[in-house]
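Peer 1: One structure, pasted below without further comment.
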Amino acid sequence: MKRIRQIIVALLGLFYVGLLYPLYTDLWHSKWLIEMHNEECEPMFLTFFVTLGVFLLLAARKPMQYRLVIAFAAWHSLAHSATMLIQTVEAYRHGTPRDYRDVILFGMIGIVVLLMVPSKEEAVAIA
């Protein structure tokens, strides 16, 4: 289980760090200003994910010591999914179709990572 936990946490960390490329293109080419009509939230949003990814990569090495980082990543994904679910429902209510796959993706990420959070007992036993 320990190895599976490390792999899942590392993969999520790599996924989030991989968002550095869209962040770079948003900032370098002023995409957030020109193409996205002054949507300055996206670069800040991506910055958060990239930073969380770095900490998840650290947590993958020693999950017991970073259990709160892993728990935060899980709950953040679930909260993010819930917010997008509300946005999707509201968009449909107003006649604007919105892709719902991101709701499912982040919901699944949150559930899987939540299952990977080491228990307090495991962390105390190793420390």
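Peer 1: For the chain, what's the relative contact order in percent, using C-alpha pairs closer than 8 Å and at least 6 residues apart?
Peer 2: For the chain, the relative contact order is 28 percent.
Peer 1: Let me ask something additional. Got the relative contact order for segment 47-111 handy, in percent, Cα pairs under 8 Å and 6 or more residues apart?
Peer 2: Dividing the mean separation by the residue count of segment 47-111 yields 32 percent.
Peer 1: Another question, if that's okay. Cα axis of helix 67-93 to longest principal axis of the chain: angle in degrees, 0 to 90, nearest 10?
Peer 2: The helix 67-93 is inclined about 30 degrees to the chain.
Peer 1: Charges at C-beta only: +1 for Lys and Arg, -1 for Asp and Glu. How large is the resulting dipole of the chain about its Cα centre, in Debye rounded to 20?
Peer 2: Using only the charged Cβ atoms, the result is roughly 700 debye.
Peer 1: How about LYS62: which lysines have a C-alpha closer than 16 Å to its C-alpha, ignoring those fewer than 8 places off in the same chain?
Peer 2: Straight-distance partners of LYS62: LYS2, LYS120.
Peer 1: Could I ask something else about it? Taking the Cα atoms only, what angle lies between the long axis of helix 41-61 and the longest principal axis of the chain, rounded to 10 degrees?
Peer 2: Approximately 10 degrees, to the nearest 10.
Peer 1: Can you match mean projected area of the Cα convex hull in nm² to one of these, (i) 8.5; (ii) 6.9; (iii) 7.9, based on a calculation from the structure here?
Peer 2: (i)
Peer 1: Summarise the accessible area of the chain (1.4 Å probe, protein heavy atoms) by the percent that is carbon and sulfur.
Peer 2: That share works out to 70 percent.
The values are calculated or read from the model by the stated rules, or taken from the named source; none is laboratory data. In this text the structure is predicted, and so the values were computed from the model without any measurement. When we count neighbours, we look across all protein chains shown, and the Cβ atoms used for this are built from the backbone with ideal geometry, even at glycine. Accessible surface areas use protein heavy atoms only, side chains included; no ligands, DNA or RNA. Shrake-Rupley method; radii C 1.70, N 1.55, O 1.52, S 1.80 Å.
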